[in-house]
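*Asks:* Sharing a structure below in structure tokens format, with a few things to ask.
The values are calculated or read from the model by the stated rules, or taken from the named source; none is laboratory data. Everything numeric in this text was worked out from a predicted model, so none of it was measured. Heads up, the Cβs are rebuilt from the backbone with ideal geometry, glycines too, and the neighbour counts pull from every protein chain shown. With ligands, DNA and RNA removed, areas are computed over all heavy atoms of the protein, side chains included. Shrake-Rupley method; radii C 1.70, N 1.55, O 1.52, S 1.80 Å.
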Amino acid sequence: MTAQLKYTIYKDDEGHNITITPLMKTLPNGEINLTGVFKLTEGGVDLGDIVFDNMLKQWEYTAMGYLDHANAAEIAGFIQTENVAITNNNDKT
């Protein structure tokens with residue numbers, strides 16, 4: 001997943017539109033490498049990062065206070081699902 005995505009979570013019966021931005025680095029040969037780090041923002045507010053292992057299985061949330069574990073787990077699951085869908089579509093081409 002290289003494109004920025006939007007996801008809505010609900011906290012206290014209120015919708016919060018979260019922007020998920022994958023962080024990438026360019027290798028010396030020009031290839032783009034996904035880092036497994038996904039920056040979360042709402043509006044212009046930094047909500048921290050979700051950091052995955054290299055297989056996109058295990059994750060941790062790096063901020064404290066705004067999102068609880070259930071919210072972070074929901075977003076991490078969304079990222080995993082989107083990544084699988086993109087991988088499956090790429091395999092068909």
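*Asks:* Return a yes/no flag: does the stretch 22-33 have any residue that is open to solvent by less than 70 Å² (accessible area, probe 1.4 Å), outside any strand (DSSP E or B) and of a type outside the set (Asp, Glu).
*Replies:* yes
*Asks:* Another one. Return the residues of the stretch 16-74 that are more than 15 Å from Leu5 (Cβ to Cβ) and touching a residue at least 60 places away in the same chain (Cβ under 8 Å); say none if nothing qualifies.
*Replies:* So the first thing to find is which residues in the stretch 16-74 are more than 15 Å from Leu5 (Cβ to Cβ), and the list is 25-33, 35-36, 43-46, 48, 51, 53-55, 57-73.
Hit for the stretch 16-74 is Asn71, nothing else.
*Asks:* Right, another one. One residue is enough: does the stretch 24-34 have a residue meeting the conditions among the charged types (D, E, K, R) and in contact with an Asp or Glu (Cβ under 6 Å, 6 or more places away or on another chain)?
*Replies:* no
*Asks:* Of all residues in the stretch 53-84, how many are on the phi > 0 side of the Ramachandran plot and assigned to a helix (DSSP H, G or I)?
*Replies:* 0
*Asks:* So, Leu56, is that one touching a strand residue (DSSP E or B) at 6+ places or on another chain (Cβ under 9 Å), modelled with pLDDT under 90 and surrounded by 10 or more Cβ atoms within 10 Å (Cβ to Cβ) or not? Before you say what the answer is, go through the steps one by one.
*Replies:* On the way: touching a strand residue (DSSP E or B) at 6+ places or on another chain (Cβ under 9 Å): yes; modelled with pLDDT under 90: yes; surrounded by 10 or more Cβ atoms within 10 Å (Cβ to Cβ): yes.
Yes, satisfied.
*Asks:* If you go through the stretch 9-21 one residue at a time, do you hit one that is assigned to a strand (DSSP E or B), hydrophobic (A, V, I, L, M, F, W, C), in contact with a strand residue (DSSP E or B) (Cβ under 6 Å, 6 or more places away or on another chain) and open to solvent by 50 Å² or more (accessible area, probe 1.4 Å)?
*Replies:* No, the stretch 9-21 contains no residue that is assigned to a strand (DSSP E or B), hydrophobic (A, V, I, L, M, F, W, C), in contact with a strand residue (DSSP E or B) (Cβ under 6 Å, 6 or more places away or on another chain) and open to solvent by 50 Å² or more (accessible area, probe 1.4 Å).
*Asks:* Do we have any residue at all in the stretch 34-43 that's surrounded by 16 or more Cβ atoms within 10 Å (Cβ to Cβ), within 15 Å of the chain's Cα centre (by Cα) and of a type in the set (Lys, Arg)? Outline the logic, then answer.
*Replies:* Filtering the stretch 34-43 down to residues surrounded by 16 or more Cβ atoms within 10 Å (Cβ to Cβ) leaves 34, 36, 38-40.
When the remaining residues are screened for being within 15 Å of the chain's Cα centre (by Cα), the result is 34, 36, 38-40.
Still in the running and of a type in the set (Lys, Arg): 39.
Checked against the condition, which is being surrounded by 16 or more Cβ atoms within 10 Å (Cβ to Cβ), within 15 Å of the chain's Cα centre (by Cα) and of a type in the set (Lys, Arg), the stretch 34-43 yields at least one hit.
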